[in-house]
Amino acid sequence: MNCKIAKTAGFCGGVKKAFLMVEKRFKGKVNGDRIFILGSLVHNENVMKTVADMGIKKIDSVDSLEEGDVVIITAHGVGKDVLENIKGKGAEVFDATCPKVSMVQECAKEYFEKCFEVVIFGDKSHKEIRGINGWCENEAKIISNFKETEKLVKEIEKGKISKPILLISQTTQNIDNFEKVKKMLTAAVNKQKGKIKVIDTICRATFVRQKEALEIAKEAGAVVVIGGKSSSNTKQLWRIVKKENPKTLWIEDPQELKNKKNERLLKNAKSVGIISGASTPTYDIEKVDKMLTNGY
């Protein structure tokens, strides 16, 4: 089977930086120390297994922290209140937040302090969004889809929002959807003769990855998307590719290729495109390529 691996497949810059930071500081050096990571470093189970093998324990709350503990902040970042809570317990913060996410947090903080109504386009339940919101005292309005955007538009048109608006986005959102949201809100604000500031905070690497994924989907007989099911950027890739090429499957682990349903989908494909989310390690991509090339 002929396979084409996307040039953008593998870790994005922010994920690679976070992983290398943690590996350099902690690999082979934990030795029974209380080293914790607040959530998943990245949304990929195989990567998290590697982190666990270093002796780093995953926690979902800072409640049980003690003085002298080390807490790793994941690539998705956290809110100001979480950082203050960790430091208040006498624990050390090891910050592996993606620089692009940090930039969005700074935008939210800056304009919130300028008395703007902060509006974030993204997944309400996603860790990155919760972290960004934490830099504007958890008072941001979060919109996840066009229906919620329409609801916000009505609030603006009824004069329920009097403050100037800042529109920003989760870094891994679809750029076309963000542009639609931007147009909808801008039109509503202009109608009320209000003020809106739009800052495109979508990671350009995400945009390039999505663009290449669409090109591959058009050319390939079938497409395999590799990435964690809780990964926002992988979900966006899958939606883009699936819409263009119905013969698209989404797997977290290479062994899922042996699923009979997946085997049937790929069986008659003359070519297969391989793309991945930003948290997918190179060794998973190479394994998928080898399995498909050799007939599993």
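Quick one: work out the % antiparallel among DSSP beta bridges in the stretch 197-296, nearest 5.
Numbers: 0 of 9 bridges.
Of all bridge pairs located within the stretch 197-296, approximately 0 percent are antiparallel.
Using a Förster radius of 35 Å, what is the FRET efficiency between GLU157 and ILE199 based on their Cβ-Cβ separation? Nearest 0.05, please. Don't jump to the answer; show the numbers that get you there.
Details: r = 23 Å, r/R0 = 0.65.
Using R0 = 35 Å, I get an efficiency of 0.95.
THR282 label point, 7 Å along Cα→Cβ, cut-off 16 Å on backbone N: hits in the stretch 37-64?
Once the point is set 7 Å along Cα→Cβ of THR282, 47 turn out to lie under 16 Å by backbone N, inside the stretch 37-64.
Could you tell me what percent of the accessible area of the chain is made up of carbon and sulfur, with a 1.4 Å probe and every protein chain present?
Reported share for carbon and sulfur atoms: 49 percent.
Amide H neighbours of CYS3 under 5 Å, counting only residues 5+ apart in sequence or on other chains, H built in-plane at 1.01 Å?
For CYS3, whose amide H was placed from the backbone, the distant partners under 5 Å are VAL272.
Which of the lysines could a cross-linker bridge to LYS24, judged by Cα under 19 Å and excluding same-chain residues fewer than eight apart?
By straight Cα distance, LYS24 reaches LYS16, LYS49, LYS57, LYS58.
Need the list of lysines near LYS235 for cross-linking: C-alpha distance under 17 angstrom, and skip anything on the same chain fewer than eight residues off.
Here the lysines satisfying the reach criterion relative to LYS235 are LYS124, LYS127, LYS211, LYS243, LYS247.
Taking H as built 1.01 Å from N, whose amide H comes closer than 5 Å to the amide H of LYS197, not counting residues under 5 places away?
ILE165, LEU166, LEU167
Please report the spacing between the Cα centers of the stretch 160-177 and the stretch 210-237 in Å, no decimals.
The two parts, judged by their Cα centres, are 24 Å apart.
Pull up all non-local amide H partners of VAL223: gap of 5 or more, or a different chain, and H-to-H distance under 5 Å with H placed in the peptide plane.
Excluding prolines and chain starts, which carry no amide H, the hits are THR248, LEU249, GLY273.
Of (1) 20.6; (2) 20.0; (3) 22.0, which one was derived for Kirkwood radius over Cα pairs in Å from the structure shown?
Computed from these coordinates, Kirkwood radius over Cα pairs in Å corresponds to label (1).
Taking the Cα centre of each part, how many Å lie between the stretch 253-294 and the stretch 77-154?
Answer, in whole Å: 35.
Could you size up the charge dipole of the chain around its Cα centre, putting +1 on the beta carbon of Lys and Arg and -1 on that of Asp and Glu, and report it in debye to the nearest 20?
Values: 53 positive and 39 negative charges, 247 e Å.
Result for the chain is approximately 1180 debye, rounded to the nearest 20.
Per-residue counts of other Cβ atoms within 10 Å, averaged by peptide: what ranking do you get for 90-101, 233-244, 47-58, highest first?
On the way: 90-101: 17.6, 233-244: 21.2, 47-58: 15.7.
Those peptides, ordered most packed to least, come out 233-244, 90-101, 47-58.
Counting only heavy atoms of the protein chains, get the accessible area per residue of the stretch 154-283 (1.4 Å probe) and round it to a whole Å² value.
50
Give me the one-decimal nm value for the distance between modelled label points at GLU45 and LYS24, 7 Å along each residue's Cα-to-Cβ direction.
Using points 7 Å along Cα→Cβ, the separation is 3.1 nm.
So for the pair GLU84, SER125, with labels modelled 7 Å out along Cα→Cβ, what separation do we get in nm?
2.9
Which one, ILE143, PHE36, GLN105, is farthest towards the positive end of the dipole of the chain when Lys and Arg carry +1 and Asp and Glu -1 on their Cβ?
Checking the options against the dipole of the chain, the answer is ILE143.
For the stretch 12-49 and the stretch 187-207, what is the separation of their C-alpha centers, rounded to whole Å?
The stretch 12-49 and the stretch 187-207 have Cα centres separated by 34 Å.
Counting only complete DSSP H runs, which helices of the chain cover 18 Å or more along their long axis at the Cα atoms and score a mean Kyte-Doolittle of -1.0 or above?
Passing helices, by number: 13-26, 99-113, 175-191, 204-219.
The values are calculated or read from the model by the stated rules, or taken from the named source; none is laboratory data. What you see is a predicted model, and the numbers here were worked out from it, not measured in a lab. Note that we place each Cβ from the backbone using ideal geometry, even for glycine, and neighbour counts take in every protein chain shown. Each accessible area value is taken on the protein alone, full model and side chains, heavy atoms only, with ligands, DNA and RNA left out. Shrake-Rupley method; radii C 1.70, N 1.55, O 1.52, S 1.80 Å.
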